[in-house]
Structures are given as C-alpha cells and as structure tokens.
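**Student:** Next up is a structure, given as structure tokens.
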Amino acid sequence: KMASGAASGAGSAAALWSEVNRCGQNGDYARALKSVNKILQISKDDVTALQCKVVCLIQNGNFKEALGVINTHTKVLTSDVIAFEKAYCEYRLNRIESALKTIQSASQQTDKLKELYGQVLYRLERYDECLAAYRDLIRNSQDEYEEERKTNLSAVVAAQSTWEKVKPEDMGLREATYELCYNSACALIGQGKLNEAMKKLQKAEGKKNGVLKGKLDDVTEEDIEAELAIIHGQMAYIMQLQGRTEDALQLYNQIIKLKPTDVGLLAVIANNIITINKDQNVFDSKKKVKLTNAEGVEHKLSKKQLQAIEFNKALLAMYTNQADQCRKLSASLQSQSPEHLLPVLIQAAQLCREKQHAKAVTLLQDFADQHPANAAEIKLTMAQLKIAQGSVTKACMILRSIEELQHKPGMVSALVTMYSHEEDIDSAIEVFTQAIQWYQQFQANCDNEELIITAVYFQPKSPVHLSLIREAANFKLKHGRKKEAISDLEELWKQNPKDVHTLAQLISAYSLVDPEKAKVLSKHLPSSDTLSLKVDVDALENSHGATYVRKKAGKLTGDSQQKEQGQGDVKKKKKKKKGKLPKNYDPKVTPDPERWLPMRERSYYRGRKKGKKKDQVGKGTQGSTTAGSSELDASRTASSPPTSPRPGSAAAVPATSNVIPPRHQKPAGAPATKKKQQQKKKKGSKGGW
C-alpha cells in the first residue's frame with residue numbers, strides 16, 4: 001500500500017507541475033499558486049516549488065508575503081538561489097538600502113540583478129554610479145529591453161542636470177519615443193534652455209498622442225488628457241519659470257481636475273500652485289497642501305522636491321499666522337539639514353512678523369557663527385533687518401564684515417549710498433579706498449592656478465577697477481575733497497592720456513592745492529583751434545527750436561533807422577479794447593458802487609420776499625379772483641404808498657417825482673412779515689398734508 005501511495009503521489013505531483021507550467025504560460029498566477037501550494041504539501045522543502053511560489057506572489061503583487069516566504073526558508077532558499085527575487089521585493093516595499101545590500105551580497109551578478117541595481121541607485125540618487133551601471137548594461141546586452149534601458153539612461157542624465165546642475169553629456173540617444181523626448185526636455189530645463197525644452201515637450205506630446213490613438217480605437221479625449229498630464233505639468237512649469245504665471249496656473253488646475261492617479265505628479269503641481277499664490281489666496285493654498293500629504297508621495301519624489309514642499313508648508317503657515325506650526329516645521333527642516341539657509345530665514349521672518357527684530361538678528365548671528373560658509377547670505381539678511389529698524393550705521397558695519405563681498409561693485413555702491421545718507425563722507429571714502437586697494441593687491445595673491453580665470457576679471461587696471469577709481473574721484477569732487485581726488489584722477493589720466501574730461505578735473509583739483517602744477521598740466525590741454533567745431537552759427541540760431549534768434553546785422557540810414565524804431569514801438573504797444581456799456585446806460589446817473597458785489601452782499605439787500613402771493617391762495621369763494629381788490633378797497637387813500645406797477649402797465653412814475661424806486665424801498669414791517677411767514681411754515685411742516 002505504501003508503494004502504491006508513493007506512486008500515486010508522484011503522479012499527482014507531475015500533474016500539478018503540468019498545471020503550474022500551463023498557468024505560468026497563460027499568466028494565471030493565482031491558479032498556479034494553488035497548484036504550487038499543493039506541491040509543497042507533498043514536499044514542503046522543494047526548492048523549485050518555493051521559488052515558484054515566490055514568483056507567483058510577486059506577480060500577484062504580494063511582495064510582503066513573498067519576502068516572508070524567502071525569510072522563512074533561508075536554509076533552502078539561499079542568496080545565490082533567490083537573490084533577485086528578494087532584492088526586488090525589498091525594492092517594491094521601498095526598503096531601498098536593504099535591496100542594495102542584497103544585490104551586493106549576491107555571488108553572481110546576473111543581468112537581472114544589474115538592471116535592478118541601476119534602479120536602486122537611481123532611487124538612492126547616486127546618479128554617477130547609476131549612469132555607469134546603465135552604460136555597462138547597454139554595452140554588454142542585446143535583447144528586446146534595449147529601448148527601456150536607453151530611457152532609464154536618459155532619465156539619469158535629466159536628474160543630474162536638474163538636481164546636481166551637471167552639464168549633460170551627449171549620449172547619442174535617438175528620440176524615437178515620447179519618453180526619450182520627455183527626458184531630453186527635463187535635461188534642457190535643468191540647463192535653463194526653456195524654449196528648447198518646450199519644443200521637446202510638444203514633440204513628446206505629439207508622439208504620445210499617436211501611440212494612444214494607434215493602440216485604442218475607443219479612446220476618449222479625457223483618457224488622452226490624463227495620459228498627457230505629466231507632459232502638460234512640465235509645460236506649465238516652464239511657463240511659470242518664464243513668468244507666465246496665469247497660463248501656468250490655468251494648466252495646473254486643468255490637470256488637477258483630471259484627477260490623475262500619480263500622487264507624485266499631483267503633489268508637485270499642488271506645490272507649484274502654492275508658490276504662485278504666495279501670500280495671496282491662502283485658502284486655495286491650504287486646500288492644495290492636502291495633495292502634498294497623500295500616501296506614498298515620499299517614495300515618488302526626490303529629496304530636493306520633498307524638501308521644497310516642506311519649505312512651502314512652513315511659509316504657508318507663516319502667511320496664515322500659524323506661528324507655532326511655522327516654528328515646528330522650520331525646526332524640523334533645520335534638524336534634517338543643519339547647514340541649509342531657508343529654515344533659519346523662515347524662523348527669522350516669523351519673528352519679524354511678531355515684531356521681535358532683536359531676537360531675529362540674534363538667531364541669524366548664531367547661525368552665521370556656527371556655519372561660516374553661509375555667513376555672507378545671513379549677514380545680508382541681518383543688514384536688511386537693521387535698515388528696517390532705522391539703524392543704518394549698524395547695517396553698514398555688518399556689511400563691511402563680509403570680507404568676500406567688500407570689493408564687489410554692488411557692495412561698494414550700497415555702502416557709499418548708506419554712508420552718504422548718514423552724511424558720513426569719510427567712511428564712504430574709506431570704502432572706496434579699501435576696494436581699490438583690494439584690486440591692487442589681488443594680482444600678488446593670484447598664485448593659485450584656480451584663480452587664473454578670475455584674475456583676468458579682478459586684476460588691477462581692469463574695467464571694474466578703473467570704474468571704482470572713477471566713481472571714487474567723482475564722489476570726492478562732489479563733496480569738496482579735491483585734494484583727496486588728485487591721486488585717483490592722476491591714475492585715470494595715466495591710463496588714458498587723451499581723456500580731456502579727466503585732465504580738466506585734475507587741473508581744477510590742483511588749482512586749489514598747487515597752482516603751478518595746474519599750469520604745467522594745462523599745457524596738455526588741446527588748443528582752441530583743435531577744439532573749434534565747424535558749425536554754422538547762423539543756421540544753428542535760426543533753426544527750429546532755438547530759444548533766441550539774433551537779427552542779421554546791417555547798416556541802417558537815419559530815416560530807415562527811425563522807421564524801424566517806430567515800427568518796433570508800434571509792435572511793442574498793445575491796443576486796449578473798449579469795454580461794452582449796458583444798453584440802458586445813463587452817463588448822468590452815478591453807477592451803483594456796490595454793483596460788482598453779489599446781490600446778497602449788498603448793503604440794501606433785504607432778502608427775497610417769499611409768500612407774497614401765498615396768503616391770497618385759498619381765500620374767497622371758489623372761482624373768485626382778487627385782481628381788483630386793491631381798487632375796491634376804500635381804506636386805501638391817496639396818502640398810501642404807491643404799489644409797484646405791473647409789467648406792461650401804462651401807469652408809470654414821472655421822472656421828476658421824488659418817489660423812491662420800488663427796489664430801493666424798505667417795505668414796512670418786512671422783517672415781521674418774514675418772521676410770521678417762517679412761523680407759519682414751521683407750524684405747517686410739523687404735520688398735515
């Protein structure tokens with residue numbers, strides 16, 4: 001029975017191996033795994049079965065379980081047998097350092113291990129070693145994966161150009177695929193060749209479009225846009241670098257709406273939008289920050305990309321007045337990169353926002369003392385803070401302590417401007433003197449071969465050196481230091497003896513100090529004949545735009561001279577136009593002396609007579625008129641003052657009568673009437689219709 005049982009077991013094992021083989025060829029690794037497990041039940045230490053199980057688990061994406069099987073059966077599955085599978089599982093589980101050790105510990109380096117070794121080095125950002133590994137692979141292998149190796153090689157070149165600022169070598173790679181075009185564009189971006197990079201991306205877009213439409217007949221526009229998202233993202237980045245922020249922002253938002261599955265791409269785009277927003281639109285930025293915190297982002301991006309995202313998070317916390325969060329993030333960044341400038345600058349900016357300028361300066365000073373290599377940038381920031389506080393002299397002291405920048409034209413200009421503002425002319429001249437002396441001493445210190453190139457720029461009598469001497473001389477002359485300017489002017493004149501302007505300045509300076517020397521130097525001035533210009537003076541004076549035109553000289557006779565004089569007098573006198581008189585002007589009547597004053601300001605003005613006819617409204621029966629009431633009133637006698645005549649009436653006051661004109665009369669009881677009317681108006685205004 002035992003013999004027959006063994007035979008049946010062998011038969012079933014053979015059938016299971018056939019099943020495994022068939023499923024492996026069909027790509028049905030889930031079914032193959034079941035068969036392998038049955039084989040392992042028969043023979044639990046079967047090396048081939050264990051290898052097949054690991055491969056099936058890897059093909060199904062169960063990397064952790066596969067690595068568990070390898071670690072459980074270490075006696076059977078030695079590193080020589082299953083080194084590639086183990087390293088691949090560790091690589092896919094983002095245990096990159098472990099994967100590298102596994103590869104390096106393998107006794108035999110197969111092509112598969114070399115391929116994986118290149119991928120591991122790329123993830124570790126060891127680009128030089130990675131480049132050498134792929135070059136070796138391309139040189140020593142010929143199979144259907146050659147195009148993929150070339151793509152990986154171009155990706156390494158692009159990473160070197162972008163992150164390490166290394167000028168890429170010409171690998172002679174034909175841009176046959178859109179991946180190669182894309183990687184070539186990334187390398188060009190790293191070199192700053194943005195227009196060329198944009199053309200490469202457009203070429204990559206065209207190739208990708210062609211591939212997608214060729215493979216799938218029912219592909220939609222949305223599917224194509226989703227596949228092109230990474231290319232469009234790089235296009236938007238170029239636009240942002242070119243200053244076309246509106247176009248870049250629009251393209252970034254279009255990509256986010258497509259919801260691509262690549263979390264790395266989304267994180268980069270969200271970060272770039274935050275950099276465009278800066279301290280504006282902070283609510284949108286806070287939404288975009290969530291995309292940078294997605295799971296798995298840290299495995300998709302380079303260290304510098306992740307660092308940039310963290311910096312922007314700290315800045316956003318500062319802009320949104322989250323002081324504690326800002327300090328926490330910047331402190332974390334500083335612990336990760338102690339020598340990096342940005343974390344301490346962010347902390348200083350946060351302190352300044354809290355009006356703690358003294359603490360900010362102390363923080364920067366401590367960092368400059370601990371990291372002398374970065375002291376120049378930190379001291380520039382300290383000087384800016386001092387200027388903001390109004391301590392210009394202290395800012396100058398900080399700037400002058402930066403030895404490597406003392407001789408630079410920009411630094412000299414800044415210091416001279418600041419000292420001039422403080423009216424410290426002696427210190428400004430001292431700055432010029434020190435900078436000029438630095439250039440004079442530089443040539444003696446240029447023994448090192450590495451300084452040969454810079455020596456050409458900084459050597460004595462270079463354009464920069466001479467321009468500093470020129471500015472120093474002009475500054476001294478401007479502030480009345482002619483004696484001190486003499487040495488600078490002499491140096492300039494020696495360099496260019498034909499410079500008449502410098503010679504004139506030198507003579508002017510010597511005239512106050514040594515008049516004899518000024519006379520000797522004046523002999524070097526060109527003669528008046530050589531300075532005379534062939535200019536037609538008459539034509540110049542008569543030209544369009546001349547401020548003064550001289551009349552042509554000529555002899556005039558006595559009569560003609562008088563005539564010309566007379567004409568001149570006539571021209572000089574201006575005729576006065578006669579003013580127009582009013583139509584009813586009477587020369588016998590004295591004009592009103594107050595006629596030029598407004599009516600309200602005249603002495604006889606008594607205000608407008610309001611409501612004269614108002615009292616008559618509503619009196620009497622309906623339809624009755626009061627036209628003849630004054631004639632029928634018997635109480636009105638001849639002694640009553642006459643009323644003013646109506647316009648157009650025949651009645652008129654005789655010219656000879658002594659009656660005062662109506663407009664000059666003071667109506668009796670006018671003020672009382674006015675007061676009464678005002679009272680009536682007030683009464684009626686309280687209520688009623």
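The values are calculated or read from the model by the stated rules, or taken from the named source; none is laboratory data. No experiment lies behind these values; they were computed from the predicted model shown. Neighbour counts are summed over all protein chains in view; Cβ atoms, including those assigned to glycine, are modelled from backbone coordinates with ideal geometry.
**Student:** Test Gln325 against the stated conditions and say whether it is of a type outside the set (A, V, I, L, M), more than 30 Å from Arg95 (Cα to Cα) and surrounded by fewer than 18 Cβ atoms within 10 Å (Cβ to Cβ).
**Tutor:** yes
**Student:** Moving to a separate point now. Going residue by residue through the stretch 80-89, is there one that turns out to be outside the structural domain of Gly190 (by the TED database), modelled with pLDDT under 90 and out of contact with any helix residue (DSSP H, G or I) (no Cβ under 9 Å at 6 or more places or on another chain)?
**Tutor:** Looking through the stretch 80-89, at least one residue is outside the structural domain of Gly190 (by the TED database), modelled with pLDDT under 90 and out of contact with any helix residue (DSSP H, G or I) (no Cβ under 9 Å at 6 or more places or on another chain).
**Student:** Let me ask something else about it. With in contact with a helix residue (DSSP H, G or I) (Cβ under 6 Å, 6 or more places away or on another chain), closer than 25 Å to Leu180 by Cβ and buried (at least 16 other Cβ atoms within 10 Å of the Cβ) as the only criterion, which of Leu266, Leu249 stands out?
**Tutor:** That would be Leu266, the only listed residue that is in contact with a helix residue (DSSP H, G or I) (Cβ under 6 Å, 6 or more places away or on another chain), closer than 25 Å to Leu180 by Cβ and buried (at least 16 other Cβ atoms within 10 Å of the Cβ).
**Student:** If you don't mind, another one. Which one of these does Gln108 not meet: (1) surrounded by 19 or more Cβ atoms within 10 Å (Cβ to Cβ); (2) closer than 25 Å to Glu144 by Cβ; (3) not charged (D, E, K, R)?
**Tutor:** With respect to (1) surrounded by 19 or more Cβ atoms within 10 Å (Cβ to Cβ); (2) closer than 25 Å to Glu144 by Cβ; (3) not charged (D, E, K, R), Gln108 is out only on (1).
**Student:** Hey, could you check the stretch 266-294 for residues that are under 18 Å from the mean Cα position of the chain (by Cα) and of a type in the set (Ser, Thr, Tyr) and say which is farthest from Ala317 (Cα to Cα)?
**Tutor:** The extreme case among them is Thr275.
**Student:** For Gly243, are the conditions met, namely being surrounded by 14 or more Cβ atoms within 10 Å (Cβ to Cβ), modelled with pLDDT of 90 or more and under 30 Å from Leu316 (Cβ atoms)?
**Tutor:** no
**Student:** Need the failing condition index for Met397 against (1) at pLDDT 90 or above; (2) crowded, with 16+ Cβ neighbours inside 10 Å; (3) among the aliphatic types (A, V, I, L, M), just the number.
**Tutor:** All conditions pass for Met397, except number (2).
**Student:** How do the helices (runs of 4 or more DSSP H) wholly within the stretch 316-413 filter down when requiring 3 or more residues that are under 30 Å from Pro463 (Cβ atoms): which remain?
**Tutor:** The qualifying helices (runs of 4 or more DSSP H) are 375-389, 392-400.
**Student:** Just checking: which of the helices (runs of 4 or more DSSP H) contained wholly in the stretch 122-240 hold 3 or more residues that are crowded, with 20+ Cβ neighbours inside 10 Å and not acidic (Asp, Glu)?
**Tutor:** Passing ranges, in order: 127-140, 146-163, 178-191, 194-215.
**Student:** Please count how many residues of the stretch 260-308 are part of a loop (DSSP other than H, G, I, E, B) and without any contact (Cβ under 8 Å) to a residue 60 or more places away in the chain.
**Tutor:** 12
**Student:** Now for a different question. Can you tell me which of (1) exposed (fewer than 15 other Cβ atoms within 10 Å of the Cβ); (2) touching a residue at least 24 places away in the same chain (Cβ under 8 Å); (3) of a type in the set (Gly, Ala, Ser) is the one Ala83 doesn't meet?
**Tutor:** Ala83 satisfies every listed condition except (1).
**Student:** Report those helices (runs of 4 or more DSSP H) wholly inside the stretch 12-109 carrying at least 2 residues which are under 30 Å from His299 (Cα atoms) and of a type in the set (Gly, Ala, Ser).
**Tutor:** Qualifying helices (runs of 4 or more DSSP H): 63-72, 79-92, 96-105.
**Student:** May I pose another question? Quick one: would you say Gly61 is modelled with pLDDT of 90 or more, under 51 Å from the mean Cα position of the chain (by Cα) and closer than 24 Å to Asn26 by Cα?
**Tutor:** Against the criterion (modelled with pLDDT of 90 or more, under 51 Å from the mean Cα position of the chain (by Cα) and closer than 24 Å to Asn26 by Cα), Gly61 qualifies.
**Student:** Do we have Glu129 as of a type outside the set (Val, Ile, Thr), within 22 Å of Gln305 (Cβ to Cβ) and in contact (Cβ under 8 Å) with a residue 60 or more places away in the chain here?
**Tutor:** Taking the combined requirement at face value, the residue does not satisfy it.
**Student:** Right, another one. Only one of (1) within 25 Å of Tyr252 (Cβ to Cβ); (2) surrounded by fewer than 17 Cβ atoms within 10 Å (Cβ to Cβ) is not met by His371, so which one is it?
**Tutor:** Only one criterion in (1) within 25 Å of Tyr252 (Cβ to Cβ); (2) surrounded by fewer than 17 Cβ atoms within 10 Å (Cβ to Cβ) is unmet by His371, namely (1).
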